[in-house]
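In what follows, a structure is listed as structure tokens, so that the remarks can point back to it.
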Amino acid sequence: QVHLVESGGGLVQPGGSVRLSCAASGSIPSSYDMAWYRQAAGKQRERVASITSSGNTNYTDSVKGRFTLSRDNAKATVYLQMNNLKPEDTAVYSCRMSWPYRAYWGQGTLVTVSS
């Protein structure tokens with residue numbers, strides 16, 4: 001079993017920055033992918049960013065150039081640095097860890113972008 005804990009959410013002003021963390025614990029394999037998803041009120045969940053076990057990243061178009069996803073394998077932790085935040089970035093952000101035939105989710109952390 002794997003347990004994911006997100007942290008770093010909160011209230012931030014437009015144009016501000018926030019760094020989210022997702023720490024994994026438990027039976028973690030040597031190779032796994034990580035991703036951040038978000039779900040805004042009344043909208044479908046979307047994948048924001050992902051990173052493979054080899055460090056390749058992918059971002060949804062709306063966050064390219066503003067968000068950066070990184071990982072620390074020694075700590076089994078991923079970080080989502082979010083800069084130049086916009087009100088439309090307001091959502092519950094959840095991390096996902098996956099490898100073949102397995103996927104685990106964190107509980108989510110709320111990011112609110114508002115003045």
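Things worth noting here:
- The length gained on full extension between Asn58 and Lys43, counted as 0.36 nm times the residue separation minus their Cα-Cα distance, comes to 3.3 nm.
- Heavy-atom accessible surface of the chain, averaged per residue, reaches 54 Å², computed with a 1.4 Å probe.
- Share, in percent, of DSSP beta bridges within the chain that are antiparallel, nearest 5: 95
- Residues of type lysines that Lys75 reaches as a straight line, Cα spacing below 27 Å, ignoring anything fewer than 8 places off in the same chain: Lys64
- Result for the chain in a Gaussian network model with C-alpha springs under 10 Å: among Gln81, Gln39, Gln13, the largest mean-square fluctuation is at Gln13.
- 37 °C / 0.692 mPa s Stokes-Einstein diffusion coefficient of region 32-83, Kirkwood radius on C-alpha pairs, µm²/s: 284
- Region 39-78 residues near the modelled Ser98 label - backbone nitrogen below 16 Å, point 7 Å along Cα→Cβ: 39, 45-60
- Size check on region 2-113: the Cα extents along the three principal axes, sorted descending, read 38, 25, 22 Å.
- Counted charge near Ser50, where neighbours are those whose Cβ lies closer than 12 Å (Asp, Glu -1; Lys, Arg +1): +1
The values are calculated or read from the model by the stated rules, or taken from the named source; none is laboratory data. No experiment lies behind these values; they were computed from the predicted model shown. With ideal geometry, Cβ positions are generated from the backbone for all residues, glycine too; neighbour counts draw on all protein chains shown. Surface areas here come from the heavy atoms of the whole protein model, side chains and all, with no ligands, DNA or RNA. Shrake-Rupley method; radii C 1.70, N 1.55, O 1.52, S 1.80 Å.
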